[in-house]
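Inspection log for the structure reproduced underneath, given as structure tokens.
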Amino acid sequence: RPERALAGLAPLADRLRRLVEAGADDVAVIPFDRAVAEVIADDYLAELEDAFTIEAVCVGEDFRFGRGRSGSVEFLRARGIEVFVPTTVRGEDGAKVSSSRLRESVLRNLTDNTPTAHRERESEPVR
């Protein structure tokens, strides 16, 4: 069942280790649930600042947080937090290369490389 093996591109422990190796002082994993989704951006940031000294964050180009997606890169910068937004990687088709897209591609390749898939392709007419 390859779909189960690809729930994450890398196990959480590996991602946490890599962040620490890259120089992160602290890494927090905050489970996302309905209660977290209801917290407004100001309150969410205040809770994080009570627990951590936040000097910088790295987020994607479409990053938003807080109820109603009210927190943004500009929101964080206005509060003195340095925000890094890496360049988005795009495929040949111009679409964003996301973890979801990578998982889909890997699953498609795994499925396409099964003996059954090869037999089906071989039996298709040549056009």
>> As a test question: what accessible area, to the nearest 10 Å², does S100 have when a 1.4 Å probe is rolled over all protein chains in place?
In response: 60 Å²
> Which GluC sites (Glu not before Pro) does the stretch 1-80 hold that lie in a coil by DSSP with at most 12 other beta carbons within 10 Å?
Replying inline: E38, E55, E61
>> Multiplying the sequence separation of F32 and R79 by 0.36 nm and subtracting their Cα-Cα distance, what value in nm do you get?
In response: 14.6 nm
> Taking the stretch 1-109, which chymotrypsin sites (Phe, Trp or Tyr not before Pro) meet the DSSP loop condition and have no more than 16 other C-beta atoms within 10 Å?
Replying inline: F32, F52, F63
> Two-decimal Rg/Rh of the stretch 8-71 from alpha-carbon positions, Kirkwood Rh?
Replying inline: 0.98
>> Under 25 °C and 0.890 mPa s, how fast does the stretch 62-112 diffuse according to Stokes-Einstein, given a Kirkwood radius computed over C-alpha pairs? Answer in µm²/s, whole number.
In response: 181 µm²/s
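The values are calculated or read from the model by the stated rules, or taken from the named source; none is laboratory data. Note that the structure is a prediction, hence the values are computed from the model and not measured. Positions of Cβ are backbone-derived with ideal geometry, glycine not excepted, and every protein chain shown enters the neighbour counts. Quick note on the areas: whole protein, heavy atoms, side chains included, nothing else; ligands and nucleic acids left out. Shrake-Rupley method; radii C 1.70, N 1.55, O 1.52, S 1.80 Å.
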